[in-house]
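Take a look at the structure below.
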Amino acid sequence: MIQISTLPYPMKEWIFPPPAAFSSFKPLNTTILGYRFESVHNAPVIVSFNSSTKVDELVLETEEAEKDVRRRMQRTDKKSTSKVSPPLSLPPVKNMSNHLLRYLSSLTPDEALAFAKRATENAPPVGDDPELYAPLFQNVSTFKRSYGLMERILKVYIYQEGKRPIFHQPYLRGIYSSEGWFMKLMEENRKFVTKDPEKAHLFYLPYSARQLQKALYVPDSHDLKPLSIILKDYVNMLAAKYPFWNRTHGSNHFLVSCHDWGPYILKEHEELQRNTIKALCNADVSEGVFIAGKDVSLPETTIRNPRKPLRNLGGKRVSQRPILAFYAGHMHGRVRPVLLKYWKDKDEDMRIHGPLSNRITRVMSYPEHMKSSKYCICPMGYEVNSPRIVEAIYYECVPVIIADHFVPPFNEVLNWSAFSVIVAEKDIAKLKEILLSIPLKKYRSMQTNVKMLQKHFHWNARPVRYDLFHMILHSIWSSRLNQIQANIGTTFKEHIDLWLDRTDLGPNSLLMVNIPYFPSQILHLYSFLYFCNHLKNFSSINYTDQ
């Protein structure tokens, strides 16, 4: 313990900003060593990046204030509120604690991200939360902390360049509609979007792969190069016009693309393909474009009526699901023909079909088949992704995913084993055996989890907390945080310089500094000497062991 004592000084608050250093992917819950500074006179605000005590207090204080606001509004609007109603209006700025607002506003974008990463790594355990169902998540506490910080910090700059229909014109129907819905809601957003690029933590490239295909692709040509060249020229234009791309070589830029060709039309621009955060439906790690841990698996949603994106949701009780497993669809790709080879017309419990005939749909429609089945088979097509995964969730049917090398959506936060079955392609012949081996109690739990999961896959005309728009944005935010890594060997000097520069610490100050001791790291001797060198003006220094 190093105690530096002088005459009392009412230093009210200080929060220690972490350095920003960028590196390769590192999981959110990775522990990074830190330093702890504590003020001990008339200063209840304590920040520790080992325990994150003050961060917990600041964030939880704001969360409780927002909960109170939501509870009051829910009581007022209880009679008129439905599950697809507009979101409750939260006042995130005026109800935030003033000291947290002041501190966050003083940080550069990179410093704010480093702060958020440290705070997320040290997320406190959360109790029951009516908005989050813990069994769905790998770590609900980490997710809640990260999501809350995203709401308070994240700013996105959207480039205005680019002509319609390829840019700024969302395509809102069909199996590739996810990219269009995200574009629409992102460009309409006022909470996360900033018009000042210097304040942005992320930069959005607002193009539609589906619109690219419609505008430029020559049918049956198998030539994607014209589409790739458009994107290459677009990025080169932005890099020449603005400094933001070149500062990070595109690593703080992101794109959202649901078309099967999404990964392939990036290959004419190396930095676009390698460095950007890519939200792709075609999340195939085997092809070297989608990078797990950096890129985002985008859910593929089929929207038939953009005016009613949530129509026909829901399913039946377990007792009203007599079909063990159901699939119907076309035979393209490597998996589906194998699935039909083993199971079409082979077993009454396994309703495996090609496209449903009119004779069958007159008796039971495609949605009714899914609602009447315990398990819905979701095999890959030409690519690893399938809209049936989200359809199964909508109809409360446990999805069975058959697609080697596929990264499921939101895999960094969701526990897919809690509500789905993943079957290797080589085990298709044993599909019924695998499903029957799941105990009824386990199946009931999985089916309940699917119901609780639904809201995280809903497109709402006006985004609601934790819905699909926000889950996608959080995955992109999380990926950006994962790029940040504290540099233990070189950053203590930067900490002290930044702190002394920003803190009004006069000679009449009382401060306690607690530096954890790591026997194997000699750097702390250097750190201690450097720190003391900057405190020459203090009247006394007392040293004690701890």
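The values are calculated or read from the model by the stated rules, or taken from the named source; none is laboratory data. Model, not experiment: these values are computed from the prediction. Heads up, the Cβs are rebuilt from the backbone with ideal geometry, glycines too, and the neighbour counts pull from every protein chain shown. We work out accessible area using only protein heavy atoms, side chains counted, and drop any ligands, DNA or RNA first. Shrake-Rupley method; radii C 1.70, N 1.55, O 1.52, S 1.80 Å.
Search segment 400-411 for residues that are at pLDDT 95 or above and among the acidic types (Asp, Glu) and pair each with any residue that is open to solvent by 10 Å² or more (accessible area, probe 1.4 Å) and outside any loop (DSSP other than H, G, I, E, B) when their beta-carbon atoms are under 8 Å apart and the residues are at least 6 apart or on different chains.
The qualifying pairs are Asp404/Ser286; Asp404/Glu425.
For residues in segment 259-302 being closer than 18 Å to His474 by Cα and basic (Lys, Arg), which is least open to solvent (accessible area, probe 1.4 Å)?
Across segment 259-302, the extreme among qualifying residues is Lys278.
Considering only residues that are of a type outside the set (A, V, I, L, M), open to solvent by less than 50 Å² (accessible area, probe 1.4 Å), touching a residue at least 40 places away in the same chain (Cβ under 8 Å) and under 17 Å from Tyr234 (Cβ atoms), which ones fall in segment 166-196?
If the condition is that a residue be of a type outside the set (A, V, I, L, M), open to solvent by less than 50 Å² (accessible area, probe 1.4 Å), touching a residue at least 40 places away in the same chain (Cβ under 8 Å) and under 17 Å from Tyr234 (Cβ atoms), then Phe167, Glu179 are the ones that fit.
List every residue pair whose Cβ atoms sit under 7 Å apart, with the two residues 6 or more apart in sequence or on different chains, where the first one lies in segment 99-112 and is in contact (Cβ under 8 Å) with a residue 12 or more places away in the chain and under 13 Å from Leu481 (Cβ atoms) and the second, anywhere, is surrounded by fewer than 19 Cβ atoms within 10 Å (Cβ to Cβ) and among the charged types (D, E, K, R).
Pro109/Lys199
Residue under question is Ile166, and the condition is that it be more than 27 Å from His456 (Cβ to Cβ) and among the aliphatic types (A, V, I, L, M); does it hold?
yes
Just to be sure I understand, how many residues within segment 122-151 are open to solvent by 30 Å² or more (accessible area, probe 1.4 Å) and either without any contact (Cβ under 8 Å) to a residue 12 or more places away in the chain or of a type outside the set (Ser, Thr, Tyr) (or both)?
The number of residues fulfilling the criteria is 11.
I want to confirm something. Restricting to segment 96-120 and keeping residues that are among the charged types (D, E, K, R) and open to solvent by 10 Å² or more (accessible area, probe 1.4 Å), which single residue is nearest to Asn139 (Cα to Cα)?
Checked segment 96-120; the qualifying residue nearest to Asn139 (Cα to Cα) is Arg118.
Among the numbered conditions (1) among the aliphatic types (A, V, I, L, M); (2) touching a helix residue (DSSP H, G or I) at 6+ places or on another chain (Cβ under 7 Å); (3) not in a helix (DSSP H, G or I), tell me where Ile428 comes up short.
Here Ile428 meets the rest and fails (3).
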